[in-house]
Amino acid sequence: MHYQDSLHVAAAQVNAELGEVDANLERHLAVIAEAASRGVELLVFPELSLTGYGLAGSVMQVAMPVEDPRLARLAEACGAMQAVVGFVEEASPGEYYNALAILQDGAIVAVHRKLNLPTYGGLEEGKWFSHGSEIPLTTVRPGWSTTQLICADLWNPALVHAALLPRPTVLCAPINSASGIVSEDFSNEQNWLLNLRFYAMTYGTPVIMANRYGPEGQSHFWGGSRILGPRGEVLAEAEDREQLITATLSRTPIAKARFELPTHRDADTPLIRELMAGYR
């Protein structure tokens, strides 16, 4: 198989109107059209980009099954581009997930359900959502694969390790991060950059982080969306506004970073499994 040497990727730093799925859908369609016109092959929207974040008891009203025609409309608009879109998935009556729809070629090719539901500080996801239990791996182009983790998934190092063991070429990181939402002393703005750079560098894996920018109720989503290379270097970073940022990734720097720091090769998964067996 002939591998494609480069991949043109993007992060959509947009805001969402809380609970207004149809209005948010139109915004997504506009961004998808813009990304397509710029030759983007992989596009990442923020977490819960179709619904907004502070849903509380209105989760049920905005939830949709994967068969919902609005998701089909987005998938059709993507064409060959892969897009990662945040939504509330209704898996069965009363069972809802903070989820991502991975769209490509007119279809939903995978769904990622958030694994780590934060219920601390101003975060209450454990009250409204069920926990996911799988981490999908999808192909964008020959030689280019992606896996996705949603926001707090990236604050559980074991989940990140598990997600990166299959050696995806790119890690997609849709988040919904508001200033001061954890505590006054915990800086999301500073700590997210530290978190993402560490994982990109440690695993030699580019990261596409898409956060919202703008208000929702009393919260301000600070943006900071960025695309990192395989050494944790910043390839693109959004300004303090709604914006589509792009970068071109190449397989050669990824290979070099992973060869020089062989985290994947030396992961020793059987030993880790054995060590973990004694803990609950």
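The values are calculated or read from the model by the stated rules, or taken from the named source; none is laboratory data. What you see is a predicted model, and the numbers here were worked out from it, not measured in a lab. To get the accessible areas, we keep the full protein, side chains included, count just its heavy atoms, and leave off ligands, DNA and RNA. Shrake-Rupley method; radii C 1.70, N 1.55, O 1.52, S 1.80 Å.
Heavy-atom accessible area for Asp185, with the other protein chains in place and a 1.4 Å probe, reaches approximately 150 Å². Ligands, DNA and RNA excluded, the heavy atoms of Thr269 present near 50 Å² of accessible surface to a 1.4 Å solvent probe. Across the range 244-249, computed HN-Hα scalar couplings (Karplus, 6.51 cos²θ - 1.76 cosθ + 1.60, θ = phi - 60°) run 9, 10, 9, 7, 10, 9 Hz from first to last residue, x flagging Gly and Pro.
Against the empirical 2.2 N^0.38 Å (N residues), the range 135-269 has a Cα radius of gyration ratio of 1.06. Working from the Cα coordinates of the range 121-166, the gyration tensor eigenvalues give, after taking √(5λ), semi-axes of 25, 12, 9 Å in decreasing order. Annotation: amide H of Leu123 has no partner in the under-5 Å range at sequence separation 5 or more or interchain, hydrogens built in the peptide plane. Scanning residues 5 or more positions from His220 or on other chains, those with amide H under 5 Å from its amide H are Ser179, with H placed 1.01 Å from N in the peptide plane. Computed from phi, the 3J(HN,Hα) profile of the range 49-66 under the Karplus parametrisation 6.51, -1.76, 1.60 (θ = phi - 60°) reads 5, 8, 10, x, 9, x, 7, 6, x, 8, 3, 4, 6, 9, 5, 9, x, 5 Hz, with x in place of Gly and Pro. With θ taken as phi - 60° and the Karplus curve 6.51 cos²θ - 1.76 cosθ + 1.60 applied, the whole-hertz 3J(HN,Hα) list for the range 129-146 is 10, 8, 7, x, 9, 9, 10, x, 10, 10, 9, 9, 9, x, x, 10, 10, 10 Hz, x standing for glycine and proline. Accessible surface of Tyr53, taken over heavy atoms with a 1.4 Å probe and every protein chain present, rounds to 40 Å². Among Glu233, Glu20, Glu134, Glu184, the order of accessible area from largest down is Glu184, Glu134, Glu20, Glu233, computed with a 1.4 Å probe on protein heavy atoms.
Working note: Debye formula, equal point scatterers on the alpha-carbon atoms of the range 1-106, no solvent; log10 I(q)/I(0) at q = 0.15, 0.17, 0.25 Å⁻¹ is -0.60, -0.74, -1.41. Backbone amide hydrogens, once placed in the peptide plane, bring Gly19 within less than 5 Å of Gly52, excluding anything fewer than 5 places away on its chain. Per-residue ellipticity at 222 nm from helix content only, as computed over the chain with -39500 (n - 2.57) for each DSSP H run of at least four residues, stands at -8000 deg cm²/dmol. When both bridge partners sit in the range 1-149, DSSP labels roughly 75% of those beta bridges antiparallel. Overall, the accessible surface of the range 1-137 at a probe of 1.4 angstrom is composed of carbon and sulfur to the extent of 50 percent.
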